[in-house]
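Just below is one structure, and these are the notes that go with it.
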Amino acid sequence: MDMFFVAVELLRRPELRGLPVVVGGAGKRGVVAAASYEARRYGVHSAMPSLRAQRLCPHAVFLPGDMSTYVEYSGRVFAIFDDFTPLVEGLSVDEAFLDVSGATGLYGSGVAIGQRIRARVLEEVGLPCSVGVASNKFIAKLASEHAKPIATAEGVRAGLGVMEVPRGAEVEFVHGLPVSALWGVGPVTLAKLTQLGIARVADLSTIDPAVLAHAVGAAHGQHLVNLANAIDDRPVTPHRESRSIGHEETFAHDVLDRAELRGYLVRLVEAVMQRVRGESLTARTVTVKVKYSDFRIVTRSRTVDHGVTTAQAVMAIAEEILGGVDLGDGVRLLGVSMRNFSDEAEQLQLFGTDDAESLEDTWTPATAAIDDIRRRFGDDSITTASALGASRRGGATYWGPREQPE
């Protein structure tokens, strides 16, 4: 998807089209989650501190983001993918690999399928996307990046939309790219490769393997050589289970009061479990993450014998975990995540915490009714009493507090 979070926001705020729009936390602790191509013209990009983004583009429009809405739109997009092939491997809410080798007889070439997908996503969901077509996942990923719009100082140029790297042309294509384009080449590896005089992917074909192995390690070196030769034998793995589903929130000011933290915890757990149920999953492992004012991070997890679905059962566990964590000189960030998923409903037994087991059993019917109300009338139509008075729901400020920087 192209600038996915921003594109969803522009559907709701069409008056912002053509402006530099940033989704993320606007406060001094905020982070850029996504930027429109107009904002990228000024050097703004995802994962950048919001203060730096505001210095680069003072007239940027910052939006706080709404992950639950993005997940909803993602589901609509993935439903279109499923119409073309059952072999869909989601990488995130806005990216997927599709193996369409069994669909060419019905829909035409890979390029034709890519064009059909783009047209349907735009017509039915209203969002732009770019497609890469190739014989393996790595090259298709790179081709999709080359198909996207291009932001320059002069303006934003339309991209190809669909780009194909024909079979047999993969090595030539990848050799023309900077080495930073390879998976696994982050800042540290890039610095080591630069010291070896490796700037382009083609340079890897001339380097002594022993020298490369000494610099980055034998396994990583072989990985880079394989990619430089367009070798990627990984199949598309459909229905890959989410490793975790979580939300976290960075506070405008460090929090020392446990009662205040509990209010944040309630909202985060509500948001996480709504997503878990939205994917028809149950989860067994609860993780609480705490980041202190000095940026130290502590995570604590607890795994139960059978899967849970209700926020109330998870809250009983998460609150107990948080109660055992020292708050130190203040908490900068609080997060909750779930993992160890199953798509089968389970009867709770030997849950390990009588209160949590009782809450899961009591709240399962009520939770189903709450989910139905939210589907019909919106997420803000009903909430728990503990969340009353909150200016936002859990996960709404996923990329930092909303407050403007001081």
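No lab work stands behind these numbers, since they all come straight from the coordinates. Keep in mind that this is a model prediction, so the values were computed, not measured. No Cβ is skipped: glycine too gets one built from the backbone with ideal geometry, and neighbour counts run over all protein chains shown.
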(message) Residue by residue through the range 293-307, what is 3J(HN,Hα) from phi via Karplus (6.51 cos²θ - 1.76 cosθ + 1.60, θ = phi - 60°)? Round to whole Hz and write x for glycine and proline.
(response) 4, 8, 6, 5, 10, 10, 10, 10, 10, 9, 10, 9, 6, 9, x
(request) Give, rounded to the nearest 20 debye, the magnitude of the charge dipole that the range 68-164 has about its Cα centre when Lys and Arg contribute +1 at Cβ and Asp and Glu contribute -1 at Cβ. (result) 200 debye
(message) Tell me the Kirkwood radius of the range 4-65: reciprocal of the mean inverse pair distance over distinct alpha-carbon atoms, in Å.
(response) 11.0 Å
(message) Around ASN136, under 14 Å between beta carbons, what's the net of Lys plus Arg minus Asp minus Glu among the other residues?
(response) -2
(request) Just add up the charged neighbours of LEU11: K/R +1, D/E -1, any other residue whose Cβ is under 15 Å from the Cβ of LEU11. (result) -4
(message) Please compute the length gained on full extension between ASP203 and ALA79, using 0.36 nm multiplied by the number of residues separating them and subtracting their Cα-Cα distance.
(response) 40.5 nm
(request) Compute the distance in nm between two label points, each set 7 Å from the Cα along the Cα-to-Cβ direction, one at ASP329 and one at ARG55. (result) 2.4 nm
(request) Identify the trypsin sites (Lys or Arg not before Pro) of the range 129-173 meeting these criteria: DSSP loop state and at most 13 other C-beta atoms within 10 Å of the C-beta. (result) ARG167
(request) First measure r as the distance between the Cβ atoms of ARG302 and SER180, then evaluate 1/(1 + (r/R0)^6) with R0 = 56 Å and state the FRET efficiency to the nearest 0.05. (result) 0.90
(message) Once you compute Rg and the Kirkwood Rh from C-alpha atoms, what is the Rg to Rh ratio for the range 171-228?
(response) 0.90
(request) Sketch the reach of a paramagnetic label on ASP257 as a point 7 Å from Cα along Cα-to-Cβ, and name the residues of the range 326-341 whose backbone nitrogen lies under 16 Å away. (result) 330-332
(request) Please identify which residues in the range 33-60 have an amide N closer than 12 Å to a label point set 7 Å out from the Cα of ARG13, following the Cα→Cβ vector. (result) 36, 60
(message) Return the equivalent ellipsoid semi-axes of the range 132-250 as a descending list in whole Å, where each equals the square root of 5 times an eigenvalue of the C-alpha gyration tensor.
(response) 25, 21, 18
(request) Would you mind classifying the range 68-164 by shape? Square roots of the alpha carbon gyration tensor eigenvalues, ordered a ≥ b ≥ c; an a/c under 1.5 is rounded, otherwise it is prolate if a/b is larger than b/c and oblate if not. (result) oblate
(message) Can you give the local net charge around ALA151? Use residues other than it whose beta-carbon is closer than 9 angstrom to its beta-carbon, Lys and Arg +1, Asp and Glu -1.
(response) +2
